[in-house]
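To keep things clear, I will list the structure first and then write my remarks on it.
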Amino acid sequence: MVKITAREVLAVANVDALRPNISEYLLQAISEFRFDFLIGTGAGARTATFDIKKFSFVGTTSKPWLVDARVRRWCIPIQFSPYTQDEVAEIVKRIAQTKDLCLDDEAASQVAMQSNLKLGEADVFLQKVRNHFSFNRADRIDRALVLRLGEYFGTCDPYPVSLAFADEVRSMDGIEFEHWVADLFTRAGFQVQVTKASGDHGVDLFASRAGCLIAVQCKRWEGPIGEPVVRDLYGSMTSAKAEAGCIVTTGFFTAQAQQFAAGKRVYLIPLDVLLTVAKSPLALNQILECA
C-alpha cells in the first residue's frame with residue numbers, strides 16, 4: 001500500500017473478506033493517507049509512519065453488509081445492474097472461442113438464456129459440449145443445435161427460480177444467512193438486532209414491533225430440523241422474555257418438530273415458505289401472528 005503513487009487506483013476484490021487487522025490499515029490509509037506500521041516486538045517495538053500520496057480506492061463485494069462499517073463511511077456505494085441477456089451473449093461467444101467453438105448470435109443468446117444469465121453455468125454447458133462432441137473451428141453452431149444440445153444435457157429450459165434461490169441461500173455461510181434473514185425482517189417492518197456469538201441465549205436475532213419481541217434462530221441447513229432444536233429455541237425464547245420465537249431454515253422440519261411447535265408461539269419457516277417470504281417480505285406479517 002505504501003508503494004501507491006499519486007492518482008493511482010487501489011482495487012480490492014471481495015473487500016468483505018478482509019481480516020480485521022487489514023481493515024484497520026485500509027481505514028487509516030483511505031481516511032488519513034498514512035500508514036502506521038509496527039516494527040519489532042516487546043519493549044523494543046516502535047511504530048513507523050509512512051505518508052501515502054492521495055489515491056482512489058475501489059472495493060468490490062456481493063455482500064456489502066459484511067464490509068467494515070467504518071470503511072463503508074469513506075466510500076460511495078454503487079450498485080451495478082446485472083448483465084443483460086445481450087451482454088451475457090457477447091461474453092458467451094468469447095468463452096466459446098476459448099474452447100474452439102463457434103456460436104452465431106442467436107446460439108449465444110440461447111446459451112445465455114438457458115444458463116439463467118449466469119456465466120458460470122454457460123461456461124460449464126460449453127465445456128460439456130466440448131468434452132462430448134467433436135467440433136472443428138469452422139463448424140458453426142446455431143440456435144437449433146444449441147436447443148438439441150441443451151435437451152441432451154437437460155439444460156434446455158431456463159434454470160428454475162426456486163432452484164436458483166435455494167442455491168443462493170445455501171451458498172451463504174452462517175453469518176451471511178443471519179444478516180440476510182435480518183434484512184427480510186427489516187423490510188417487513190420490524191426493528192432487528194443481530195446478537196453476538198456469545199450470551200445470546202441461543203438466539204441469532206431479536207425482531208420487535210408494536211411491543212412484541214420475537215426471538216429468531218437462523219439455520220442454514222440442508223437436512224431436517226428435529227424437535228430438540230425447536231425445544232431449545234422455546235427455552236431460549238422464555239429466558240429472553242420474548243413473546244414469540246421463530247426458526248428460519250434452508251432445510252425442513254420433522255413432523256415431531258412441527259407437533260411440538262403447534263399451539264405455541266413458535267413459528268417455523270422452512271425453505272419452501274422462505275421462498276415466498278423472499279419474494280414478498282410482508283408475508284412475514286401473516287406468519288408471525290403476534291406482530
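Scanning the range 3-14 for residues that are surrounded by 10 or more Cβ atoms within 10 Å (Cβ to Cβ) and under 20 Å from residue 52 (Cα atoms) gives 4, 8, 10, 11, 12. With respect to residue 122, is the statement that it is assigned to a helix (DSSP H, G or I), surrounded by 19 or more Cβ atoms within 10 Å (Cβ to Cβ) and either over 22 Å from the mean Cα position of the chain (by Cα) or on the phi < 0 side of the Ramachandran plot (or both) true? Against the criterion (assigned to a helix (DSSP H, G or I), surrounded by 19 or more Cβ atoms within 10 Å (Cβ to Cβ) and either over 22 Å from the mean Cα position of the chain (by Cα) or on the phi < 0 side of the Ramachandran plot (or both)), residue 122 qualifies. Against the list (1) outside the structural domain of residue 16 (by TED's automatic domain parsing); (2) in contact with a Ser or Thr (Cβ under 6 Å, 6 or more places away or on another chain); (3) not acidic (Asp, Glu), the condition residue 53 fails is (1). Looking across 291, 257, 240, 261, one residue alone is at pLDDT 90 or above, more than 26 Å from residue 167 (Cα to Cα), small (Gly, Ala, Ser) and in contact with a strand residue (DSSP E or B) (Cβ under 7 Å, 6 or more places away or on another chain). It is 261.
Yes/no per residue for (1) in the same structural domain as residue 89 (by TED's automatic domain parsing); (2) more than 20 Å from residue 87 (Cα to Cα); (3) in contact with a Leu (Cβ under 6 Å, 6 or more places away or on another chain); (4) modelled with pLDDT of 90 or more:
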| position | (1), (2), (3), (4) |
| --- | --- |
| 100 | yes, yes, no, yes |
| 103 | yes, no, no, yes |
| 117 | yes, no, no, no |
| 122 | yes, no, no, yes |
| 137 | yes, yes, no, no |
| 145 | yes, yes, no, yes |
| 153 | yes, yes, no, no |
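Can you pull out the helices (runs of 4 or more DSSP H) entirely within the range 6-99 that have at least 1 residues that are among the acidic types (Asp, Glu) and either touching a residue at least 12 places away in the same chain (Cβ under 8 Å) or more than 30 Å from residue 121 (Cα to Cα) (or both)? Ranges flagged: 20-32, 85-98. For the structure I just gave you, tell me whether residue 247 is of a type in the set (Val, Ile, Thr), more than 22 Å from the chain's Cα centre (by Cα), surrounded by 15 or more Cβ atoms within 10 Å (Cβ to Cβ) and under 23 Å from residue 170 (Cβ atoms). Answer is no for this residue.
Residue 34 meets the conditions (1) surrounded by 15 or more Cβ atoms within 10 Å (Cβ to Cβ); (2) modelled with pLDDT of 85 or more; (3) in contact with a Phe, Trp or Tyr (Cβ under 7 Å, 6 or more places away or on another chain) in every case but one. The failed one is (1).
The values are calculated or read from the model by the stated rules, or taken from the named source; none is laboratory data. Quantities reported herein were computed from a predicted structural model and do not represent experimental measurements. Every residue, glycine among them, receives a Cβ derived from its backbone with ideal geometry; neighbour counts consider all protein chains shown.
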